[in-house]
1. Looking only at segment 119-142, which residues are of a type in the set (A, V, I, L, M), in contact with a helix residue (DSSP H, G or I) (Cβ under 6 Å, 6 or more places away or on another chain) and either open to solvent by 30 Å² or more (accessible area, probe 1.4 Å) or closer than 29 Å to Ser295 by Cβ (or both)?
2. I'd like to know if segment 24-46 contains one or more residues that are at pLDDT below 85 and part of a loop (DSSP other than H, G, I, E, B).
3. Any chance you could count how many residues in segment 97-118 are of a type in the set (Val, Ile, Thr) and surrounded by 24 or more Cβ atoms within 10 Å (Cβ to Cβ)?
4. Going by the structure shown, is Ala180 in contact with a Ser or Thr (Cβ under 9 Å, 6 or more places away or on another chain) and of a type in the set (Gly, Ala, Ser)?
5. For residues that are touching a Ser or Thr at 6+ places or on another chain (Cβ under 7 Å) and of a type in the set (A, V, I, L, M), tally how many sit in segment 38-52.
6. Could you say which residue among Leu72, Leu60 is in a helix (DSSP H, G or I), open to solvent by 50 Å² or more (accessible area, probe 1.4 Å) and among the aliphatic types (A, V, I, L, M)?
7. With respect to Gln297, is the statement that it is free of Cβ contacts under 8 Å to residues at least 60 places away in the same chain and either farther than 23 Å from Pro125 by Cα or over 19 Å from the mean Cα position of the chain (by Cα) (or both) true?
Amino acid sequence: MVLHSPVKGKHRTPQTRPAAGAEAWVHPIYARLLGMLLQRAGVDSDRVLGAAALDWGSLLRSEQRLTRDTALRLVRAAVQATGKPWLGLELGELAPVSAHGPLGYAAMTAPDLQHCLSVLARYGPVREDSFEWSFRTRGQGGTLQVIDRLDWGEARGFVLDTMAAALIALLHAAMGELPAGLQLDLPMPRPTWVLVYERALPLPLQFGQPTLALHVPPTALCLPLLGADARSHAAACHECDIALAELAHSSVAQQVTSLLACTAEGMYPRLPGIAAQCGVSERTLIRHLAREGTSFQQLLDAHQEGRALWLLQHTEHSVEDIAARLGYTDTSNFSRTVKRWFGETPSSLRSGASR
């Protein structure tokens, strides 16, 4: 069984971190839910878990995150055992709000959809640390965007399917029904099993897009949530803040990525400024990032690359304006950089997205 792959062709996915197989990324709750899904399907879950050097008893007792390599082996074995390349969609649908911990409760108790999506963007790394999350609003509505930070290889489709289905299931639970006008971008080719997608994700879908992104019309952003509760929301957000601080402390790359994501457009800091915000010297920051298999320039490039592609394909800002938003004072230099990233000029990327 071959897992479906990222989009191939003229648009590649945003730059990801080098595969760091020894780093822990995946919360064990999702492996537990996958085990339950396999049991329901009549599959020998112990054999599948064993292929990833896991066992059910230890998985239930441990809160340690799974490494990328362990998650890859688990996904490969699960898809092969079930014969379902869309298994990630079923896993995302199965995940209850409680599976997402304080992140789920903070999202469910937000006052309205805009605050809910803001919570997901701010605290998303608490549950899924291998993606960069952002939520931005503009005149046409708002967009929750999720950009790869880690190379998931052949399991990328499974991971994205799980995230997309879990997101839609959470919004459905939070609102009772999905509001009209939502649209979901999926960064994979249109599969032959598209009917499974349409059942699991009952909203307009756009395949072959650069990133996973949920677009929300302005009329829907102010819609209230069924479980809105100010006190519970504050308590859940506080738990998320604690978890996010712990995560940032354990992953310097995540801390730098978060700082870049919060930077005002056009004001990207240099290495000395980021090191100061992290409370360490430049040499220490360089050393920590190298230990995690990356560098400040790689993280900055990945962030700017993803933002450039999104701004070019989803906004009407001029190329000059987009260059300035990304910290480029020379538009021609920005255009050359875009050509290096994507093999196309900014104008051809923009015209290709409109076709």
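1. Residues satisfying the conditions are Leu120, Val126.
2. Yes; the residues of segment 24-46 include at least one that is at pLDDT below 85 and part of a loop (DSSP other than H, G, I, E, B).
3. Of the residues in segment 97-118, 1 are of a type in the set (Val, Ile, Thr) and surrounded by 24 or more Cβ atoms within 10 Å (Cβ to Cβ).
4. Yes; evaluated as a whole, the condition is true for this residue.
5. Taking segment 38-52 as the starting set, the residues that turn out to be touching a Ser or Thr at 6+ places or on another chain (Cβ under 7 Å) are 38-39, 41, 43, 52.
After this cut, where a residue has to be of a type in the set (A, V, I, L, M) as well, the list is 38, 41, 43, 52.
So the count comes out to 4.
6. Working: Leu72 fails: open to solvent by 50 Å² or more (accessible area, probe 1.4 Å).
Going through Leu72, Leu60 in turn, just one is in a helix (DSSP H, G or I), open to solvent by 50 Å² or more (accessible area, probe 1.4 Å) and among the aliphatic types (A, V, I, L, M): Leu60.
7. The answer is yes for Gln297.
For (1) over 22 Å from Thr257 (Cβ atoms); (2) open to solvent by less than 10 Å² (accessible area, probe 1.4 Å); (3) under 20 Å from the mean Cα position of the chain (by Cα); (4) among the hydrophobic types (A, V, I, L, M, F, W, C), each residue gets a yes or a no:
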residue: Leu309; (1), (2), (3), (4): no, yes, yes, yes
residue: Arg336; (1), (2), (3), (4): yes, no, no, no
residue: Arg340; (1), (2), (3), (4): no, no, no, no
residue: Gly343; (1), (2), (3), (4): yes, no, no, no
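The values are calculated or read from the model by the stated rules, or taken from the named source; none is laboratory data. Because the structure is predicted, anything quoted here is derived from the model rather than measured. FYI the Cβ positions are ideal-geometry reconstructions off the backbone, even for glycines, and counts take in every protein chain you see. In case anyone asks, the SASA skips ligands and DNA or RNA and just uses the protein heavy atoms, side chains included. Shrake-Rupley method; radii C 1.70, N 1.55, O 1.52, S 1.80 Å.
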